[in-house]
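Some notes on the structure that comes next.
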Amino acid sequence: MKNLPKILLLGISAALMISAGLKPQHMLIKKSPEVSVADSIKKIDKATGLIVDKGLDIVTAHCTGCHSSKLITQFHTDRAGWLEKIRWMQQKQKLWDLGESEPIILDYLAKNYPATEVVNRRASLKNIEWYKLK
Ligand code: HEC
């Protein structure tokens, strides 16, 4: 019987700690915005991870069957480079003739995944004084 208050106290403090721990987390979940940072710049299609733009449905139909869209989003090149990649897949990877969809796909890719990805690149450093590590 002597131990009962101790146990009670432990129970209460545990309950307090749990509720204190849960509260901020709960609020955080509520407050977190529906869209991610990337979405605020360019809308990302949730299903494919590709940028929402004209031609997305065609690109999704032709380009996500064999491999993850990550191969596309991680690859940046100009229109000629994309055409070259498509030709390479057609020759080596059994990619079919894209027909009338090809220019639409190329427009989409060259616009949304161009050669220069400005967003993640800082300007090159200038006037650096290099020093020898001792
Ligand atoms: C018939 C299957 C198939 C289809 C459809 C297909 N690909 Fe591919 N693709 C491949 C294969 C196979 C690879 C090589 C994967 C690897 O290296 O792991 C590849 C690789 C790639 C790469 C990476 C190239 C590199 O050098 O890193 C890109 C980019 C790419 N595909 C884009 C596309 C685009 C854009 C389309 C739609 C026009 C498309 N793919 C449709 C089969 C396909």
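The values are calculated or read from the model by the stated rules, or taken from the named source; none is laboratory data. Everything quoted here is computed from the prediction, not taken from an experiment. As a convention, Cβ positions derive from the backbone with ideal geometry for all residues, glycine included, and neighbour counts pool all protein chains shown. The protein model used for the area step is the full one, side chains on, heavy atoms only, and it has no ligands, DNA or RNA in it. Shrake-Rupley method; radii C 1.70, N 1.55, O 1.52, S 1.80 Å.
Within the range 69-82, being within 10 Å of the ligand (Cβ to nearest atom) and either touching a residue at least 12 places away in the same chain (Cβ under 8 Å) or of a type in the set (D, E, K, R) (or both) holds for Ser69, Lys70, Ile72, Thr73, Phe75, His76, Thr77, Gly81, Trp82.
Inside the range 59-68, residues that are near the ligand (Cβ under 9 Å from one of its atoms) and either at pLDDT below 95 or surrounded by 15 or more Cβ atoms within 10 Å (Cβ to Cβ) (or both) make up a count of 4. For the range 1-19, the candidate set comprises residues that are in a helix (DSSP H, G or I) and loosely packed, with under 10 Cβ neighbours inside 10 Å; within that set, the residue that is modelled with the highest pLDDT is Lys6. Within the range 80-109, being open to solvent by less than 40 Å² (accessible area, probe 1.4 Å) and closer than 17 Å to Asp53 by Cβ holds for Trp82, Ser101, Glu102, Ile105, Leu106, Tyr108, Leu109.
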